[in-house]
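Below is one structure, written out as structure tokens, with a few remarks after it.
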Amino acid sequence: MTTATDIDKKKPLAGLSESGAYQKLLAFASLIALLIGFSIASPNFMQTSNMIAILQATSVNGVLAVAATLIIITGGIDLSLGTLMTFCAVIAGVALTYLGLPLLLGVAAAIAAGAFCGLCSGTFVAKMKIPPFIATLGMMLILKGLSLVISGTRPIYFNDTPGFDQISRGSLIGEVFPALPIPNGVLILFLVAIAASYILGRTVLGRYTFALGSNEEAVRLSGVNTDMWKMRIYALAGAICGIAGILIASRLNSAQPALGLGYELEAIAAVVIGGTSLSGGRGTILGTLIGALIMAVLTNGLRVLSVAQEWQTVVTGAIIILAVYADMARRKKTG
Amino acid sequence: MKKLVDMTGIDKHFPGVHALKSVQFDLYAGEVHALMGENGAGKSTLMKILSGIYQRDGGDLEIEGKPASPTTPREAQDLGIGIIHQELSLMNDLTVAQNIFIGREPRKSFGRLDEAALNARTAEIFASMNLNLDPKTLVGSLTIAKQQMVEIAKALSYQSTVLIMDEPTAALNDAEIAELFVIIRRLKAEGVGIVYISHKMDELKQIADRVTVMRDGEYVGTVDAAETPISTIIAMMVGREVNEEPLDVPDLGDAEVSLEIFGLTRGKEISDVSFSVQRGEILGFAGLMGAGRTEVARAIFGADPKDSGDIRVHGKPVSIKSPKDAVRAGIGYLSEDRKHFGLATGMNVRDNIALASMDMFTGSGGVLNDGEISTTAKSYIKQLGIRTPSDAQEVRLLSGGNQQKVVIAKWLLRDCDILIFDEPTRGIDVGAKSEIYKLLEELAEQGKTIIVISSELPEVMRLSHRIAVMCEGRLTGILPGGKDTTQEDIMHLATQRKAAMQVTGTTQ
């Protein structure tokens, strides 16, 4: 920060409380605590291979959570993220396997499809004034159905597209540093996160994303075309879902049309754990990444400790409630 | 006369603030005791201690001669203390009676509600207030004034002997205020003691017996309402004499006409409004609440659609369909409700100033130049005297007057030369008010065109070079500014209802 305010001097945490940084700190501390806890409980946990497995498991949910962060900062919500991801994977399958297009075109088609669907959601929300919850609930079902229709309810395999599985599973980093075979999927997650962070922090689109969530009417009365900007944000989030679609299809080397439902809730959970306010106006990509990592570490760690999968879900649910409660308690204190 | 309340040496600390410093206050049966002071003077804190919402850190509180320390609003109610908050706390979807008896509904066996008893008891209270209202009416369908009456009825239903009213007339028009005063006088006659918090000086003279003034958490003094001149009370509030400078209406001669409105119409709210404003002029808009002034402003600005009407800016016709079009034409609108319509309160000062002008700071690929935003914001902070620790401060932490200046900076940066101010000093301290007035005058001198909508007649008369008066969606006349126009002249036009106009046959 360029300037230290008087208030900052009086209360060292006052500056942090802005933009949910305190919650982010809390989330980060929880992540570290989880890592330490699990390493003490099980020697297998801290293995490089297990760490990489955790990162790999974070990649798809992380990318979706980045998309969800954008929407949630505007004060909206997107329930169609999961099925949109699947829809984009199916589009990639159609382009690559059915139409036999080159790899890059298939990827571009998936991302374009995501952006288009995001634009549709954005239009419903911004132009037609349908509440985001309802608009994207509708979109969620439409996309789920379309994925099944287009694929004929069967998975589409990418066996004819050599290299497609390498998008997620290959490791460019591993080729340079063989000791650190971090999969490309993770690399892509970080690139997406950095790009989204930059957009949020440094561009007009990002500034309006926060402004819309903070007070949409005031922004509109400032002469800003709020509808158009909101549609752009939804389209951007859709495009990011397209990337998630490519990632999951590449990891499974197939587009699974029945998959996808439930992913949106995991993404939203990561966003919330990361300190982004569901009422809009506040949030960070870094927080979301930490949130996604916490969920992946938790799932992985409990599995390493041989806790039944059913219980893993219970714990995740409890963590979400705890995270939001901690955030609210903090807000109450600082007003 | 019986002393109902006696507070002495009341002390209250909040983290980092000494909110009340040995404050005293008393109240007799059958009197209206006004409590005055700028925002933040400690009036509300003192009354919250009396009504059990806060606990005092020191001092004594006696109610009807007995020491008391209510720790909850419920305990205070049992002691006969009722409070009517500034923001009404009624449930719109329940009936009047259900609202009044919420939480203590008469019951029949097995927990069934006794609606008949509920309505009967409400009707009794209304009868005692001489208020003609059906207990079964939904609260949401009532006017704000009637809702206020319901709040009073609710307070009375607790057998209150002390009634605290926090700015009860803030949202009422003159007729409704008169209605409220009738009720207050009746309660007074019945021996209820009333604490009356208000910023409106003229009301004091009408309704209050004594006035206690507070400043910065301290007791300043108690004076007789009838005998003390208003200037003395204001001086007590601000700690200095406020001298009302007479308005000097400049001769604009043939300065360019910057904004012309022809036949602006929308539904029942705006009918055939036409006027024009010159460069450097301050045009005031007076009228009672609901006269359609805000609606006219929002229609000109494109915030709400209009049925018909033409707008010319600097002589050229412009089509305004959205705020975006208005801003492009150089029109800025400063809403009365800054928190909802003017500011992104969660964002910082610099982003709010730049909110309407982001494209000025955008490089290739939509990347923002934050350094430049900060530099620009700082220059406006200096120019307008915005008191903020830095340009990175969140605007919600600023005072009302400084928030208003942030909104003004937003429009100046956007290069808007026609500025419409809707209630520019609502919720702003007396001291900061005159600062805003000076700022508006300076803007006009610099050649901006200023439209000021205000419900406070002294404010309209203090600022306006000409005064447009509205009634029921029509522009009933435009009066010259300055000392030749009296409040009575304005009120005459503001109450010129349609029927009356047809008789005289004069339109504007």
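The table below gives the values:
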| item | result |
| --- | --- |
| For the range B:478-497 versus the range B:117-131, the gap between their alpha-carbon centres in whole angstrom | 40 |
| Positive-end residue, the range B:342-416 charge dipole about Cα centroid, Cβ charges, pick of B:Leu412, B:Ile386, B:Leu355 | B:Ile386 |
| Between B and A, accessible area buried - total, square angstrom, nearest 100, 1.4 angstrom probe | 2600 |
| Degrees, to the nearest 10: B:174-189 long Cα axis against longest axis of chain B | 20 |
| Partner chain coverage, peptide B:355-367 - average Cβ within 10 angstrom | 5 |
| Signed unit charges on C-beta, dipole axis of chain A, positive-most listed residue A:Leu302, A:Tyr208, A:Ala95 | A:Tyr208 |
| Per-residue SASA entry for A:Met328, accessible area with 1.4 Å probe, Å² rounded to 10 | 120 |
| Where the range B:52-93 is the region considered: accessible area per residue in Å², 1.4 Å probe | 59 |
| Magnitude of the charge dipole, chain A, Cβ model with Lys/Arg +1 and Asp/Glu -1, debye to 20 | 700 |
| Peptide ranges A:80-86, B:253-259, A:267-273 listed from the most packed, as the mean C-beta count within 10 angstrom indicates | A:80-86, A:267-273, B:253-259 |
| Sum of side-chain charges, A:Met140 neighbourhood, beta-carbon under 10 Å (Lys, Arg +1; Asp, Glu -1) | -1 |
| MRE, 222 nm, helices only [DSSP H, n ≥ 4, -39500 (n - 2.57), over the protein assembly as shown, to nearest 500] | -15500 deg cm²/dmol |
| 1.4 Å probe accessible area per residue over chain A, in Å² | 43 |
| Furthest towards positive pole of dipole, A:Ala237, A:Leu286, A:Gly274, structure part the range A:212-313, Cβ charges | A:Leu286 |
| Radius 15 Å from Cβ of B:Ser319, net charge of other residues (Lys, Arg +1; Asp, Glu -1) | +2 |
| Residues losing 20 Å² or more accessible surface upon assembly, the range A:254-288, compared with the chain by itself, 1.4 Å | A:Arg282 |
| Fraction of antiparallel bridges per DSSP, chain B only, in percent to nearest 5 | 55 |
| Percent carbon-and-sulfur accessible area, the range B:297-349, ignoring ligands, DNA and RNA, probe 1.4 Å | 49 |
| The range B:140-282 shape via C-alpha gyration tensor axes, a/c threshold 1.5 | oblate |
| Shielding by partners - mean other protein chain Cβ count within 10 Å, residues of A:199-210 | 5 |
| Global form of chain A, assessed from the alpha-carbon gyration tensor, a/c cut-off 1.5 | oblate |
| Total charge dipole magnitude, the protein assembly as shown, about the Cα centre, Cβ charges on Lys, Arg, Asp, Glu only, Debye to nearest 20 | 2380 |
| Considering only the range B:3-238, percent of DSSP beta bridges that pair antiparallel, nearest 5 | 55 |
| Fraction of accessible area attributable to carbon and sulfur, chain A (%, probe 1.4 Å) | 70 |
| Burial order of peptide ranges A:63-71, B:454-462, B:133-141 (average beta-carbon count within 10 Å, highest first) | A:63-71, B:454-462, B:133-141 |
| Within-15-Å neighbourhood charge of A:Asp227 [Cβ basis; K, R +1; D, E -1] | +4 |
| Spin-label pair B:Glu105/A:Ala329, simplified geometry with 7 Å Cα→Cβ offset, distance in nm | 3.6 |
| Residues of the range B:342-416: accessible area per residue with a 1.4 Å probe, Å² | 33 |
| Residue-span extension gain [A:Lys129 to A:Ile40] - 0.36 nm each, minus C-alpha spacing | 26.9 nm |
| Cα centroid of the range B:274-353 to Cα centroid of the range A:292-322, whole Å | 54 |
| Helix B:144-156 vs. chain B, principal-axis angle (Cα, 0 to 90°, nearest 10) | 20 |
| Peptide-level mean, for B:381-392, of C-beta atoms on other protein chains within 10 Å | 2 |
| The range A:113-233 shape via C-alpha gyration tensor axes, a/c threshold 1.5 | oblate |
| DSSP-defined antiparallel bridges as percent of all bridges, the protein assembly as shown, nearest 5 | 55 |
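The values are calculated or read from the model by the stated rules, or taken from the named source; none is laboratory data. Since we're looking at a predicted model, the values are computed, not measured. Here Cβ is always computed from backbone atoms with ideal geometry, including for glycine, and neighbour counts include all displayed protein chains. Remember, those area values only see protein heavy atoms, side chains included, never the ligands or the DNA or RNA. Shrake-Rupley method; radii C 1.70, N 1.55, O 1.52, S 1.80 Å.
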